[in-house]
Amino acid sequence: MNIKKVRIQIVRPREEKRFQHLMQSHHYLGALPKISETLWYKATLNSEWIALISFSAPALKCAPRDRWIGWNFRHQYDRLKLVTNNSRFLILPEWHVPNLASRTLSLCRKRVQADWQEHFGHPVVLLETFVDPKQFHGTVYRASNWIYVGKTKGFHRTRQGYSNKADSPKMVFLNPLVSNVQALLSRPVLKKPYLTGGHKIMLSAEHMKSLPDFFAQIPDPRRPQGRRHRLSTVLSIATAATLCGMRGYLAISDWVNGLGQKALERFRCRYENKRYIAPSQSTIRDVLVRVDPIELDKALQRWNLLYGEQDESLAIDGKTMCNAIDEQGHQTHIMSAVGHQTKMCYTQKKSAHSL
């Protein structure tokens, strides 16, 4: 077999059923659904399928990877799209020949950047994969110059967050697609073309626990009858969702509904029937519409004062409020000082004159 004749192609929509069937039949982990940003490849020889490989969303948390990159946890949430996970790799039966696996990995590496840009509109700069040491030793990845960075703790994602018990720790391998990838991913401010969306941050457990205290003294505008959630809890959750990039009541509500029990506990949500209950979209909207904006702004500024010290630099942002016109007919302008790292607003100044 001449492995130099092996070719890599993206699996076309009409071939996806076959791809999934083969992966389910022959890979020890079975098939994976195609969710969000995912690319499937087939390796062929004379039009015959000989290997399958998939790249999908990276792990949300991976201590060995994060240590190797050196990025701050607040950077991760906004930059994980620059990383992709080699989630499945299968050499089909009867095609286990020397150097085929490394050849397939090499061919994928050469084209995945361009394919990712074409399909999803942004680049990827780092590949990751996880190898179960009970099944394999990572020989193929080592031979293909992937970097072994350590083992995971063995926890895995669940619908409620993460498993309570460690399972089988996995070996973590990384493969940079650009030079100086560690410096790129950990720098305070990303530049084009590496910006992948709106400003977001990742909140720590400390952030979540601290937020309700800052809203505790704000007067509750709601009637006492029928209150199911504390005002400080609703405001904390809405603030956290906004900091994490959510815009609009529906987006905030979807973000809240995706929180695990530990996160809801940190926000001091109501405990009922042995579970923490998140406020509904209507509750969040009712609170945000009726709360005193001045008191809310003061609370946010106090929180910023404590956690804003993490910012290394500030950005000045100016906006014109198109529908806000004073008695003289001038439009209102707002200038904000925003931290590059936390994306938090330190101060705002309103003016009826051009900035």
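What follows draws every value from the coordinates through simple rules; no lab data is involved. Everything quoted here is computed from the prediction, not taken from an experiment. Glycine also receives a Cβ, built like all others from the backbone with ideal geometry; neighbour counts cover every protein chain displayed.
General remarks:
- Shape of the range 205-310, Cα gyration tensor, a/c cut at 1.5: rounded
- Taking every C-alpha pair closer than 8 Å and separated by at least 6 residues, the mean separation divided by the residue count of the range 3-186 gives a relative contact order of 21 percent.
- For the range 205-310, a crude dipole built from +1 on the beta carbon of Lys and Arg and -1 on the beta carbon of Asp and Glu, taken about the Cα centre, is about 440 debye to the nearest 20.
- Applying a threshold of 25 Å to the alpha-carbon distances of Lys153/Lys262; Lys5/Lys110; Lys209/Lys274; Lys192/Lys298; Lys191/Lys262; Lys81/Lys110 flags Lys192/Lys298; Lys191/Lys262 as lying beyond it.
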